[in-house]
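Everything below concerns the one structure shown next.
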Amino acid sequence: MMTPAADAQNINKSRQDSRLTSRCRQAFPPIQHPTSRQPQLTDEKVFVMNTHPLIADHGLIGDLQTTALVATDGTLDWFCSPRFDSPSIFASLLDPERGGYFSTRPREAAFETKQLYFPDTAILITRFLTEAGVGELMDFMPTTGTDPSQKHDLVRMMRCVRGRISFDVEVAPRFDYGRKRHDLTISEAGAVFDAGDTRLSLSLIREEGDEQLGRDISTTDEGSLRAVLTLEEGQMRGVVLETGPDVAPKMMRPAEAQQLADDTAHFWHDWLSQSTYTGRWRAVLERSAITLKLLTYAPSGSLVAAPTAGLPEEIGGERNWDYRFTWIRDGSFSVHALLRMGFIDEAVAFSQWLRDRVNEPRAEGSYPLDIMYRVDGSTELHEEVLTDWKGYRGSYPVRIGNGAADQLQLDIYGEALDAMYYLDGAGVGIGQAGWLNISELLNWLADNWDQPEEGIWETRGGRKDFTYGRLMCWVAFDRGIRLATSHGRPAPLDRWIAARDGIYQQIMDKGWSSERQAFVQQYGDNVLDAALLKMPQVGFVSPHDPMWQSTLRAMDKELVSDSLVYRYDPSASPDGLRGSEGTFSLCTFLYVDALARSNRLDEARLTFDKMLTYANHVGLYSEEIAATGEQIGNFPQAFTHLALIDAAIALNERLDAAQKGRRFRG
């Protein structure tokens, strides 16, 4: 048995060995290869995967065309390829039996894990601490560029930093949501899982002098591969997964894998250096910016709402949606967050994607814009249920595709025009063809704004006259008028002004409840809606207007719970779905923004700092927070991270102004 002093010595040594610096090579230095023992694989033990890690117990990696989730126990349990919205290859997060996984963990029964990002990158490190040794698993995906690619690499580097450690490794892909069988072929270089139109190759990271690993692996009837990898202190080995129609395994030396890690770290360091933000919570905002970048499909510039499908808004409930698509709303909001941090290229890329959607020819009688699209701009989002899947912790049904794609949500036109207006102010101009299409869109909206719709929260309880939808229609006309007048563009200004002013008056007459002394979710009702926290942000009301202050106080009492904010009360406003949900993290950050604009700075800062405690261990947020503080909903959610950036910048500006003894304007 170790003495406390010896144990402390080893702990200190482990800390020294694993200390991170600014370069990836320093974290994984050139490997020294002991001659006394080479790593070997045996089939002595089979690892039983943790069936359902918490949603928050994950880090995200990606290559700007797709992503993967890695749990804190080393299990890769969500990965779709070749795109975010492609069928899954690993999805045990939703069904441990049918989903597929790639697990890597110590053989020892007792171990502790720690997970972190390599500083300022999307390279994830999972550390395993055992009595016999300390191991590290580095996961990353080299970036693929801006051309759509069928091939994607995922690197898993395993290293022993102290003592000796054995890893149980199991690769169990399940193609097309587990609906396609595959053949498994093993060679000296690795293995191939072949499902016909899709293949997954596993290439070994090893030295030429290592034993031929193919003699020491085992397989299962389901086409899974199992192995054991034993490493001595200082050794690093691993695997490279490659997906594509014709991929094949090839041996990769540790130095080559290290170079991939270095190149990937350099990419992220170089990208993050564009950030112009120097205020409070800088590290938090930069992690959110990296997350938004990971959720961007580089070939088109579109931003997915989240990289996952089916993660529940209520554990065991039916509110389980597929978020792997690009919403006009979410993407438009991202323009503000990205530009305010200095990431101009990403904002411009999304604006070009958005303009392509505005410019697309539409069928007679269709809406100018759909509310969501696939990452390439296509519109086939048919919703279906994976009937045999259990769902995350029994949350059924598991849906792929999204049936809300055909809804009428009038607010998207305001969000789109607001993004274009904001980009125009940043110097990204609108050409003649674009202006003609914007004019056509606004002319359609002038004829169609005054009708019931499904609203921002995509309720499935029928169309209603939602105040937020009308608010954003007001934004659409207001921004269109400003663009026309500031650039002398031809426009039917009388018509647009009449529509803008008519909407304003209608909201004041019908969106205001004298009984509640607040703006309400829908006309003729008294339900509150956190979406209306945007009212002062978009300039519809002054943050100091008595009507707004009364609305904010009503939300304080009804929608806010210990600083966390609900979207609305489903029991008071039925949305066509059973069950309830948690607080909506986007709304909490909107609340911070509203408090800051109202000069309730102490409350705003406390609310923001409290919200930071709900981030997971690597700074990621899902869609919602349950009453227990657990993260629920799809993960990580772009909406939450872009709202965090906006709220932090707004609060930081007002705190700076308060310190200088002046009132913030704007």
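Extending 7 Å from Cα along the Cβ direction at Arg553 and again at Ser378 yields two label points whose distance is 5.5 nm. The alpha-carbon atoms of segment 579-631, seen along their principal axes, cover 34, 29, 15 angstrom, with the largest extent given first. The residues packed around Pro254, meaning those with a beta-carbon under 9 Å from its beta-carbon, carry a net charge of +1 if Lys and Arg are +1 and Asp and Glu are -1.
The length gained by stretching the chain between Asp246 and Ala110 to full extension, at 0.36 nm per residue less their Cα-Cα distance, is 44.9 nm.
Note on surface exposure: Trp512, Trp268 rank Trp512, Trp268 by accessible area, highest first, 1.4 Å probe.
Each Lys and Arg Cβ is given +1 and each Asp and Glu Cβ -1; about its Cα centre, the chain then shows a dipole of about 1740 debye. Computed from Cα positions, the angle between helix 254-272 and the longest principal axis of the chain comes to roughly 20 degrees.
Between Lys660 and Glu208, full extension at 0.36 nm per residue minus the direct alpha carbon distance yields a gain of 156.2 nm. Per residue of the chain, the DSSP helices (runs of n ≥ 4 H) give a summed -39500 (n - 2.57) that works out to -10500 deg cm²/dmol at 222 nm. How far, in degrees from 0 to 90, does helix 432-448 lean away from the longest principal axis of the Cα atoms of the chain, to the nearest 10? For helix 432-448, the angle is close to 60 degrees. Computed FRET efficiency, Cβ-Cβ of Lys610 and Thr278, R0 41 Å: what is it to the nearest 0.05? So the FRET efficiency works out to roughly 0.95. Compared with the dominant Cα axis of the chain, that is its longest principal axis, helix 493-506 is turned about 80°. For Arg495, the solvent-accessible surface computed with a 1.4 Å probe is close to 90 Å², ligands and nucleic acids excluded.
Here each label is just a point 7 Å from Cα along the line to Cβ, and for Thr220 and Asp388 those points are 1.5 nm apart. The listed peptides 503-509, 605-611, 224-230, ordered by packing as a protection proxy, come out as 224-230, 605-611, 503-509 (highest mean of other Cβ atoms within 10 Å first). Taking a straight Cα-Cα cut-off under 29 Å and skipping sequence neighbours fewer than 8 places away in the same chain, the lysines within cross-link reach of Lys464 are Lys510, Lys534, Lys557. Straight-line cross-link partners of Lys250 among the lysines, defined as a Cα under 29 Å from its Cα and at least 8 positions apart when in the same chain: Lys45, Lys151, Lys180. The phi torsions of segment 641-658, fed into the Karplus equation with coefficients 6.51, -1.76 and 1.60 and a -60° offset, translate into couplings of 6, 6, 5, 4, 4, 4, 5, 5, 5, 4, 5, 4, 4, 6, 5, 4, 5, 5 Hz, rounded to whole numbers, with Gly and Pro shown as x. When the trypsin sites (Lys or Arg not before Pro) in segment 520-590 are filtered for DSSP coil states and for at most 16 other beta-carbon atoms within 10 Å of their beta-carbon, the remaining sites are Arg578.
The values are calculated or read from the model by the stated rules, or taken from the named source; none is laboratory data. Since the model is a prediction, treat every value here as computed from it, not as a measurement. So basically every Cβ, Gly included, is an ideal-geometry build from the backbone, and we count neighbours across all protein chains shown. All accessible areas refer to the heavy atoms of the entire protein, side chains included, with ligands and DNA or RNA removed. Shrake-Rupley method; radii C 1.70, N 1.55, O 1.52, S 1.80 Å.
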